[in-house]
Amino acid sequence: MTNPQNIVRRSATTTTPPRVREEVEEVAKLIDVSKCIGCKACQVACMEWNDIRDEVGIVDGTYNNPTDLTEHSWTVMRFTEHENPAGDLEWLIRKDGCMHCAEPGCLEACPAPGAIVQYANGIVDFDSDKCIGCGYCVTGCPFDIPRISKHDSKSYKCTLCSDRVSVGLEPACVKTCPTGCIEFGSKDAMLIRAAKRVDDLKARGFDQAGIYDPAGVGGTHVMYVLHHADEPGLYAGLPKDPRISPLVGAWKGVTKPLMSAILGITAFAGFIHYVTKGPKEEPADEEVFGAEGEEGYLRDTRGEEAAATVRDPAKEEER
Amino acid sequence: MKHDEVKRNQRGQRMMLRYPASTRINHWTMAASFILLALSGLAFFHPAFFFLTHTLGGPVWARILHPFIGVVFFLLFVAIAASNLRYNLWIKNDLRWVRQIGDVLTNHDERLPPIGKFNPGQKLVFWCLVISVPLLLVTGVIMWRPWFAGYFPIPLIRLASLLHALAAFVAIATIIVHIYAAIWVKGSIRAMTRGWVSRAWAKHHHPLWYEDHVDQDLVEQRKARDGQGERPGAERDLKARE
Ligand code: HEM
Ligand code: SF4
Ligand code: SF4
């Protein structure tokens with residue numbers, strides 16, 4: 001559910017979006033990967049609250065089920081069997097889904113005004129009724145999150161339960177998690193929580209434990225506590241230093257207004273040229289061929305025979 | 001053939017054919033599809049142009065139709081480009097013409113060297129499009145949802161999106177120049193709508209093409225008369241073009 005008075009960014013919009021409330025607290029969801037048991041209760045809660053049902057797919061021999069995010073599965077658990085340097089197996093389970101970036105690549109890329117908005121509390125939401133189905137959000141997202149529906153060609157992803165949050169509830173996944181692995185609150189509070197968890201993990205021998213709140217996208221409103229924060233790639237390819245790709249930056253950046261301006265100036269230059277230098281008028285026969293006209297010219301250059309050789313264009317066409 | 005039979009314009013000038021009907025039909029179908037592509041494409045290009053999606057029936061229809069029109073446009077372009085390729089090759093006099101661009105712009109045509117069916121400006125338009133249009137097709141297919149984009153890795157789609165926007169910019173800028181040139185040089189628009197130009201126009205703007213044309217006529221006439229014909233201008237042609 002959109003809150004149309006608390007928008008800090010709005011896709012394809014060059015004016016200030018409505019933002020009447022000052023000092024709105026930023027929220028965050030904290031996922032403590034070290035506590036996750038892979039039960040997928042959050043996946044079920046997400047389906048239930050949002051009332052979406054994915055097709056029954058195939059089991060690919062892993063615990064990943066569904067095997068990927070889809071327009072109907074906004075969060076999936078990604079299972080990795082990692083053998084650590086000591087030779088022990090670590091089962092790394094990461095709940096994947098939209099990170100609600102402070103600088104969202106999806107919103108940056110979207111060409112449809114208002115199809116993607118970011119609320120003052122940090123939630124990045126898709127207003128699917130305004131979506132045109134171009135897939136630019138998929139191109140822009142550094143985390144490969146949005147999915148275009150095969151049924152209605154609209155883009156979907158986790159809303160961070162913006163409808164629940166706007167009435168003071170926590171997201172459905174948070175409410176249901178049996179181990180307390182997912183927590184929700186203000187971003188500041190979650191960072192403090194996360195720091196405690198990191199200390200705890202370090203005390204238990206996970207020297208590289210840390211918070212995943214990547215600065216490259218301005219921080220995120222979904223954060224992880226990782227036991228191996230130095231190697232986020234271990235967790236099913238979580239990017240180490242995600243940022244809006246420079247290609248997307250170049251595509252969506254200054255080049256566009258610049259190119260638009262050049263096109264306008266080119267057309268304007270044509271207008272100026274026309275009113276100052278004027279057109280090349282149709283030349284008269286005498287001007288081009290001399291006083292005796294084309295026949296005279298042909299006779300002079302090619303002889304008598306040529307002067308009589310002029311075919312009718314209408315007949316030429318039939319050739 | 002008697003001269004009186006030759007098609008004349010309102011000023012009584014004798015005419016000759018510049019573009020056959022097939023080229024004319026192709027050109028204007030292509031022009032219409034290009035305009036639709038440019039308008040719908042610009043709508044996704046920058047929010048200032050988003051209202052242009054209405055030229056294709058609204059934002060979603062614009063997204064759906066743009067790539068299909070693009071494919072039609074591409075096929076028409078290939079046909080017209082292939083049939084005009086030989087007139088767009090560089091000849092010696094073109095360089096002199098380019099050096100005298102000041103005379104071109106100030107309409108001092110009498111000072112210009114003789115050039116062929118297309119002048120270097122037109123050739124530049126041709127080659128800009130020969131580069132940008134296939135690039136638009138390839139990058140457009142890579143971006144095309146829901147049909148094709150899913151088969152490509154996201155970094156490639158990013159590159160394709162950037163290149164599509166750049167190629168579209170080149171193509172649209174080229175076409176703005178092209179349209180202006182048609183307005184500037186009187187007689188060109190009728191050449192593409194009805195096919196013919198006055199013979200004086202041909203000789204004035206495209207002398208080598210005109211001379212070729214006359215020589216060709218002469219050959220045909222001799223063939224009709226003697227059963228064989230030799231091009232009287234062959235030697236002169238070579239000199240102008242070497
Ligand atoms: C040749 C075949 C073409 C194909 C297959 C194609 C395909 C596409 C696709 C798939 C998109 C994304 C929006 C959508 O899904 O509708 C797009 C955007 C665009 N197209 Fe094309 N297109 C083609 C030709 C052209 C041409 C000739 C022009 C220039 C007149 C053009 C200009 C644009 C522009 C400006 C955009 C927006 C790019 C941006 O968002 O930065 N396209 N095209
Ligand atoms: S993770 Fe992707 S979809 Fe989610 S806010 Fe960031 S860029 Fe957008
Ligand atoms: S698919 Fe929809 S949400 Fe995604 S960029 Fe296009 S219009 Fe925006």
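The values are calculated or read from the model by the stated rules, or taken from the named source; none is laboratory data. No experiment lies behind these values; they were computed from the predicted model shown. Cβ placement follows ideal geometry from the backbone for every residue including glycine, while neighbour counts extend to all protein chains displayed. With ligands, DNA and RNA removed, areas are computed over all heavy atoms of the protein, side chains included. Shrake-Rupley method; radii C 1.70, N 1.55, O 1.52, S 1.80 Å.
Observations
- Residue in the range A:81-95 that is touching a helix residue (DSSP H, G or I) at 6+ places or on another chain (Cβ under 8 Å), surrounded by fewer than 22 Cβ atoms within 10 Å (Cβ to Cβ) and among the basic types (Lys, Arg) present: no
- Residues that are of a type in the set (D, E, K, R) and farther than 24 Å from A:Gly290 by Cβ were ranked within the range B:92-105; the one that is most open to solvent (accessible area, probe 1.4 Å) is B:Arg99.
- Helices (runs of 4 or more DSSP H) contained entirely in the range B:95-199, each with at least 2 residues that are in the same structural domain as B:Ala38 (by TED's automatic domain parsing) and touching a Cys at 6+ places or on another chain (Cβ under 7 Å): B:154-184
- Scanning the range A:279-309 for residues that are at the interface with another protein chain (Cβ under 7 Å from one of its Cβ atoms) and not in a helix (DSSP H, G or I), we see that the one that is farthest from B:Arg222 (Cα to Cα) is A:Pro279.
- Out of A:Ala236, A:Ala269, sole residue that is more than 7 Å from chain B (Cβ to nearest Cβ), closer than 30 Å to A:Gly205 by Cα and surrounded by fewer than 17 Cβ atoms within 10 Å (Cβ to Cβ): A:Ala236
- For A:Gly114, the stated conditions hold: it is away from ligand 1 (no atom under 16 Å from the Cβ) and surrounded by fewer than 24 Cβ atoms within 10 Å (Cβ to Cβ).
- Positions within the range B:50-78 being in a helix (DSSP H, G or I), within 15 Å of ligand 3 (Cβ to nearest atom) and free of Cβ contacts under 8 Å to residues at least 12 places away in the same chain, in sequence order: B:Phe50, B:Val60, B:Trp61, B:Ile64
- If you filter the range B:1-49 down to residues that are in a helix (DSSP H, G or I) and among the charged types (D, E, K, R), you find that the one that is modelled with the highest pLDDT is B:Arg24.
- Residue in the range A:19-35 that is within 24 Å of A:Ala172 (Cα to Cα), at pLDDT 95 or above and out of contact with any strand residue (DSSP E or B) (no Cβ under 7 Å at 6 or more places or on another chain) present: yes
- Meets criteria (closer than 21 Å to A:Leu238 by Cβ, assigned to a helix (DSSP H, G or I) and either open to solvent by less than 10 Å² (accessible area, probe 1.4 Å) or in contact with a Ser or Thr (Cβ under 7 Å, 6 or more places away or on another chain) (or both)) for A:Cys137: yes
- In summary, B:His206 fulfils each of the numbered conditions (1) surrounded by 20 or more Cβ atoms within 10 Å (Cβ to Cβ); (2) within 16 Å of ligand 2 (Cβ to nearest atom) with the single exception of condition (2).
- Boolean, A:Lys154 is buried (at least 16 other Cβ atoms within 10 Å of the Cβ), within 16 Å of ligand 3 (Cβ to nearest atom) and over 15 Å from A:Val222 (Cα atoms): yes
Yes or no, residue by residue, for (1) hydrophobic (A, V, I, L, M, F, W, C); (2) closer than 22 Å to A:Lys252 by Cβ; (3) away from ligand 3 (no atom under 16 Å from the Cβ):
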site	(1), (2), (3)
B:Leu105	yes, no, yes
B:Gly116	no, no, yes
B:Ser132	no, yes, yes
B:Arg145	no, yes, no
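- Condition broken by A:Arg19, with the remaining ones in (1) under 25 Å from A:Gly205 (Cα atoms); (2) open to solvent by 80 Å² or more (accessible area, probe 1.4 Å) satisfied: (1)
- Screening A:Glu108 on (1) within 14 Å of chain B (Cβ to nearest Cβ); (2) open to solvent by less than 20 Å² (accessible area, probe 1.4 Å); (3) charged (D, E, K, R) shows it passes everything except condition (2).
- Residue in the range B:106-121 that is among the basic types (Lys, Arg), open to solvent by less than 60 Å² (accessible area, probe 1.4 Å) and away from ligand 1 (no atom under 14 Å from the Cβ) present: yes
- Residues in the range A:121-134 that are more than 16 Å from ligand 1 (Cβ to nearest atom), in a loop (DSSP other than H, G, I, E, B) and open to solvent by 10 Å² or more (accessible area, probe 1.4 Å): 2 in all.
- Odd one out for A:Pro178 among (1) in a helix (DSSP H, G or I); (2) more than 16 Å from ligand 3 (Cβ to nearest atom): (1)
- All of B:Ile80, B:Ile179, B:Ile154, B:Ile175 fail the test of being open to solvent by less than 50 Å² (accessible area, probe 1.4 Å), under 12 Å from the mean Cα position of the chain (by Cα) and within 12 Å of chain A (Cβ to nearest Cβ), apart from B:Ile175.
- Filter result for A:Lys157 (under 24 Å from the mean Cα position of the chain (by Cα) and either within 16 Å of ligand 2 (Cβ to nearest atom) or closer than 17 Å to A:Ala115 by Cα (or both)): yes
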